[in-house]
Amino acid sequence: MAVNPRSSTRRKLLATSGSVALLGLAGCLGGDDDENGDENGDENGDEATESTVTLLVEGVGDYDDDDGLSDGDVDHACGHKEHDERDPLTAGASEDDAPTISDTHQPFEVTIEGDSGYVAFEVDDHDHDDDHDHDHDHDDDHDHDDDHDHDDDHDHDDDHDHDDDHDHDDDHDHDDDHDDDTFAFFSDVEGAIEIVDGHVEYETDTVEDCDYIEEYSIVELHDERAVLRLAGDS
């Protein structure tokens, strides 16, 4: 049987046109998928992670170079973390943007945007936390009462009723015979604290008998200031 050359050529043209059309459609569909994928990827990649860590600062007195703070000092800090209301704070994106705190005995709930954030601590020269409560029981209560037993008979006998009885008893209410430049920084997230300005005297991530403290660092301030890089728990 003879083949009509015109019919054969027409069938070839139709077949070729159909293939081209299908390829074009597939290309369009594939392009949309790629675009959507890129958009979704960009959107997901641009989402900043947010995490929190609770930070507490305490003045430090005596501590052991090998064992750190005494159980009493840790219990004191644990009580603040467990019972005290937290002040909100947002960490800065850099050291220059770091918010500055000066309060001790006050837990801060620090929000961190991204992988880490910065917080600075500076000594408050005016009250030094008012830790001393200026409660040396002075009240001008040196038992003077102008009671030097003068009676104009000077009867001094060193009887100024001093007896070194200034009622101090080292009663600074927070046992605050601490070095004015040394502080402890506590967190409830292991690995949260990195000191970037200040000298680390002691640090540990092993804190027993307190569910609210995972780690702490004892730091000597640099020019009355320390800067911390914090990583939170998302």
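Values in this text are rule-based calculations from the coordinates and carry no lab data. All values reported here derive from a predicted model rather than from experimental measurement. Note that we place each Cβ from the backbone using ideal geometry, even for glycine, and neighbour counts take in every protein chain shown.
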- Task: With θ set to phi - 60°, apply the Karplus curve 6.51 cos²θ - 1.76 cosθ + 1.60 along region 116-122 and write out the HN-Hα couplings as whole Hz, x wherever there is a Gly or Pro.
- Result: 7, x, 10, 9, 10, 10, 10
- Message: Residues of region 49-65 with the amide nitrogen closer than 12 Å to a label point 7 Å from the Cα of D233, along Cα-to-Cβ, please.
- Response: 52-55
- Task: Mind giving me the FRET efficiency for D103 and H199? R0 is 30 Å, r the Cβ-Cβ distance, nearest 0.05 is fine.
- Result: 0.85
- Item | Separation of the S94 and D62 label points, Cα + 7 Å toward Cβ, nm | 4.5 nm
